[in-house]
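These notes are about the structure you will find just below.
Computed from the coordinates by the stated procedures, all read-outs in this text should not be read as laboratory data. Treat the numbers as computed from the prediction; the structure is a model and nothing was measured. FYI the Cβ positions are ideal-geometry reconstructions off the backbone, even for glycines, and counts take in every protein chain you see.
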Amino acid sequence: MKKPSKKTVIGWSEYIDLPDWKIIGLKAKIDTGARTSALHVEDIEKLPGNKVRFHVVLSRKKPRRIAVIAKVVKYARVRSSTGEYKHRYFVKTKLRMGAVEKEIDVSLVSREDMMFRMLIGRKALEKDFVVDVSHRSLTRERGKKAHSEVPKTQKKAS
């Protein structure tokens, strides 16, 4: 019999941080039906050295964006929730949800019509989290808007 491990209980949606990119309080949907995680980005540009530049879109209502350059870990065919197959870039970044911080793979995609800017799939959840679908935002107070730790003077330059 397996020894029970201490896992963090999370709700069906959570506010998460992506500290490598200095993004704090991004609203994410927890989706155990999705294998991989997906992040809403715009303006993906392939760069030399197996890197991509893109803008992370923090909000649906206000066009707040953060410019990021990241190394591509794979370029793979992914089936969307509508059943269509498309190729996507995958990058690694650190995810912080509650007290747990771990590196995850994230596919870069347009989620423009979706309510949540990020979807957290089961590969990012495994070993560390248990989902309680009757709750949301169990790891952080609700009501905090997504923002970047980068000072406003630096944001304009990127």
Legend entry - Pair Lys7, Glu112: separation of 7 Å Cα→Cβ label points (nm): 3.7 nm
Inset, instruction - Label the stretch 26-74 by shape, choosing from rounded, prolate and oblate, from the square roots a ≥ b ≥ c of the eigenvalues of the Cα gyration tensor; if a/c is under 1.5 it is rounded, and otherwise prolate applies when a/b is larger than b/c, oblate when it is not. - result: oblate
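How do 104-110, 130-136 rank on mean C-beta neighbours within 10 Å, highest first? It would help to have the intermediate numbers written out before the result.
Details: 104-110: 19.0, 130-136: 12.4.
In decreasing order of mean packing, 104-110, 130-136 become 104-110, 130-136.
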Inset, instruction - For the stretch 46-81 and the stretch 96-129, compute the distance between their C-alpha centroids and round to whole Å. - result: 14 Å
Legend entry - Amide H within-cut-off set for Leu95, under 5 Å, with H built and near neighbours excluded: Lys102, Glu103, Ile104
Legend entry - Of Lys94/Lys123; Lys61/Lys94; Lys7/Lys92; Lys29/Lys123; Lys46/Lys94, those spanning more than 19 Å from alpha-carbon to alpha-carbon: Lys61/Lys94; Lys7/Lys92; Lys46/Lys94
